[in-house]
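Below: one structure, written as structure tokens.
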Amino acid sequence: MRPERPPEDVEPGDLPYIPRPREQAGLVGHTEAEAALVAGIASGRLHHAWLIGGPRGIGKATLAYRMARWLIANPGLDAIPETLHVDPGHPAARQVAALSHPNLVALRRTRPPTAKTLATKISVDAARGALELFGSTGGAAGYRICIVDSAEDLNANSANALLKMVEEPPPRSLFLIVSHAPGRLLPTIRSRCRALTLRPLPEAEVARVVAGFPPPFVQPEAEALARAAALSEGSVAQAMAMLDPATANLIAEVETLLARLDHPDWRRILALAEKLSGRDSDDLFAASLDTVFRFVSAELDRRAHVGPARLAALVEVCDKIARAAREAATYNLDRRPLVLSLFGDLAGALRAAA
């Protein structure tokens, strides 16, 4: 399952055959978060900056674009909504989907004109260009809206450019800042935002979202969908990854290797390390780590009767893996040593807990 879009049209977070957040009219779950935005509109004093936080793939950007769509469709705020739903046939829905409305800008990673891939960060030039919207007269009545998707993609300079605008926003400005880890955002930005935390979706709602995707997405078998939803940790994006054949095969391989830690198969572990070291293997590496953490969690539950002292090594290994993964991502380190030590350390910790 790969995106059918041409390379020049690929955006961060794209899922195979799936409408982007700005193209989705519906929102599953998150009724309390939507109600908070509705209450802000109803108060007549809508806060100018909202930090929409929560794990990846649970609907944060979908909610942000849903809010933008309603405000664009109702520039005079003549009515107080019960929800933020806008008919898909409304001109505002088409304008938001195309990012063509003059009062809306999306600050996100893009593909530079001379590059073959997406930029790794949102540059300060991109931020300043997007924020020019707030330095000019709005192209239409209503709010001028900036959706940041996501805050983690800002570098230090672009984050500071955003901060300056959020500190002194022009009238009727709205910033909807999507963040997968709000705690890592600049404290000065966080302090000027109203926090809106979204929770992972229940399994049934994850399955409902996936089942609602239109063609050409091919619906999975019921058993595969149920398993993907169960392993998704409330994330539609993670469920979709589980349904990708390459990811599913990789998870099965990791599960097999973890089940044999009493006699590690180092040949297969080395092959796995090679596979996860590639430049395009970020998603597979993340899926592998999720599988490892699920395994450790299950082992801790299964061995709870032996007492915390004998399980300490297993907890320490889990922390070490998470720390090493963060360092590998931050410093672009080779993942092969991490994968090899991961299996060795887990095997030793399990022997200690036996």
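The values are calculated or read from the model by the stated rules, or taken from the named source; none is laboratory data. No experiment lies behind these values; they were computed from the predicted model shown. Positions of Cβ are generated from backbone atoms using ideal geometry, with glycine treated the same way; all protein chains shown enter the neighbour counts. Note: areas computed on protein heavy atoms with side chains; ligands, DNA, RNA excluded. Shrake-Rupley method; radii C 1.70, N 1.55, O 1.52, S 1.80 Å.
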Quiz item: If you take the residues in the stretch 19-35 that are open to solvent by 20 Å² or more (accessible area, probe 1.4 Å) and of a type in the set (A, V, I, L, M, F, W, C), which one is nearest to Val105 (Cα to Cα)?
Solution: Ala25
Practice problem: Working only within the stretch 222-243, note down all residues that are open to solvent by 70 Å² or more (accessible area, probe 1.4 Å) and on the phi > 0 side of the Ramachandran plot. | Solution: Glu233
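Take the residues in the stretch 303-340 that are open to solvent by 50 Å² or more (accessible area, probe 1.4 Å) and small (Gly, Ala, Ser), then tell me which one is nearest to Val254 (Cα to Cα).
Ranking the candidates gives Ala329 first.
Please go through the stretch 82-95 and pick out each residue that is closer than 15 Å to Leu37 by Cβ and open to solvent by less than 50 Å² (accessible area, probe 1.4 Å).
Residues satisfying the conditions are Leu84, Val86.
Would you point out which residue out of Ala92, Ala73, Ala97 is within 22 Å of the chain's Cα centre (by Cα), among the small types (Gly, Ala, Ser) and closer than 28 Å to Pro19 by Cα? Break it down into steps so the answer makes sense when it comes.
On the way: Ala92 fails: within 22 Å of the chain's Cα centre (by Cα); Ala73 fails: within 22 Å of the chain's Cα centre (by Cα).
Going through Ala92, Ala73, Ala97 in turn, the sole match is Ala97.
Starting from residues that are charged (D, E, K, R) and at pLDDT below 95, keep the ones in the stretch 36-69 and report whichever is surrounded by the fewest Cβ atoms within 10 Å (Cβ to Cβ).
In the first step, residues of the stretch 36-69 are kept if they are charged (D, E, K, R); the result is 45, 56, 60, 66, 69.
Applying the additional criterion that residues be at pLDDT below 95 yields 45, 56.
On the way: Arg45: 8, Arg56: 18.
Once the filter is applied, the top-ranked residue is Arg45.
Please state which one of Ala273, Ala349 is in contact with a helix residue (DSSP H, G or I) (Cβ under 9 Å, 6 or more places away or on another chain), small (Gly, Ala, Ser), open to solvent by less than 40 Å² (accessible area, probe 1.4 Å) and free of Cβ contacts under 8 Å to residues at least 60 places away in the same chain.
Values: Ala273 fails: free of Cβ contacts under 8 Å to residues at least 60 places away in the same chain.
Of the residues listed, the single one that is in contact with a helix residue (DSSP H, G or I) (Cβ under 9 Å, 6 or more places away or on another chain), small (Gly, Ala, Ser), open to solvent by less than 40 Å² (accessible area, probe 1.4 Å) and free of Cβ contacts under 8 Å to residues at least 60 places away in the same chain is Ala349.
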Practice problem: Using the structure shown, decide if Arg267 is assigned to a helix (DSSP H, G or I), at pLDDT 95 or above and open to solvent by 60 Å² or more (accessible area, probe 1.4 Å). | Solution: yes
Quiz item: Name the residues in the stretch 14-35 that are at pLDDT 95 or above and among the polar types (S, T, N, Q), would you?
Solution: Thr31
Quiz item: Hey, does the stretch 237-252 have a residue that's in a helix (DSSP H, G or I), polar (S, T, N, Q), in contact with a helix residue (DSSP H, G or I) (Cβ under 9 Å, 6 or more places away or on another chain) and without any contact (Cβ under 8 Å) to a residue 24 or more places away in the chain?
Solution: no
Quiz item: Do we have any residue at all in the stretch 39-49 that's within 19 Å of Arg199 (Cα to Cα) and touching a residue at least 24 places away in the same chain (Cβ under 8 Å)?
Solution: no
Quiz prompt | strands (runs of 3 or more DSSP E) fully within the stretch 110-221 counting 1 or more residues that are in contact (Cβ under 8 Å) with a residue 60 or more places away in the chain and open to solvent by 20 Å² or more (accessible area, probe 1.4 Å) | solution = 144-149, 194-197
Practice problem: Tell me, please, whether a residue that is open to solvent by 50 Å² or more (accessible area, probe 1.4 Å), out of contact with any Cys (no Cβ under 9 Å at 6 or more places or on another chain) and in a helix (DSSP H, G or I) can be found in the stretch 277-290. | Solution: yes
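Could you please let me know if Ala106 is assigned to a helix (DSSP H, G or I), surrounded by 14 or more Cβ atoms within 10 Å (Cβ to Cβ) and in contact with a Phe, Trp or Tyr (Cβ under 9 Å, 6 or more places away or on another chain)? Please lay out each step first, then the result.
Numbers: assigned to a helix (DSSP H, G or I): no; surrounded by 14 or more Cβ atoms within 10 Å (Cβ to Cβ): yes; in contact with a Phe, Trp or Tyr (Cβ under 9 Å, 6 or more places away or on another chain): yes.
Considered against the rule, which asks whether it is assigned to a helix (DSSP H, G or I), surrounded by 14 or more Cβ atoms within 10 Å (Cβ to Cβ) and in contact with a Phe, Trp or Tyr (Cβ under 9 Å, 6 or more places away or on another chain), Ala106 comes out as no.
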